[in-house]
Amino acid sequence: MKPLLYILVLSLLCSCEQTPSQNAANVSQINGLYVFIESQPQSSYDFLGEVANDFGDQMKEATDKNKKFGERLLGALSTTVENVDFGSKLEMMIEKAKKEYPTANGIIIEGKMNKIKAIFLK
């Protein structure tokens, strides 16, 4: 009778195994922040604020009137390229988020990366 009971308990334990969810993932950290792209953290978090990528301000700084024409042209071109390259734009937004929200330990990126959400994962 005891062996039958052990087999029954063992079979119940094996049948309760949790199958991995297809939407589960390990999130990468970039420069100390967890980066969620078009996704949400499964654990709870506090929303700290939004960080905007203001292309206009970047272009204004790159084409400052005090610079020579060649420097302004090069600044405009490099600013445009930086906003096209995903890696550069991501690095820039992460640095901006860390500066504006030093307690943030994650960001959520949705849409066109014009704004990101700074969060604190609990």
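Annotations for the structure displayed:
- Ascending count of other beta-carbon atoms within 10 Å, so fewest first, for Leu90, Leu4: Leu4, Leu90
- Put a dot 7 Å past the Cα of Ser28, heading toward its Cβ, do the same for Glu91, and the two dots end up 1.3 nm apart.
No value in this document is a laboratory result; all are computed from the given coordinates. These figures come from a predicted structure and were not determined experimentally. So basically every Cβ, Gly included, is an ideal-geometry build from the backbone, and we count neighbours across all protein chains shown.
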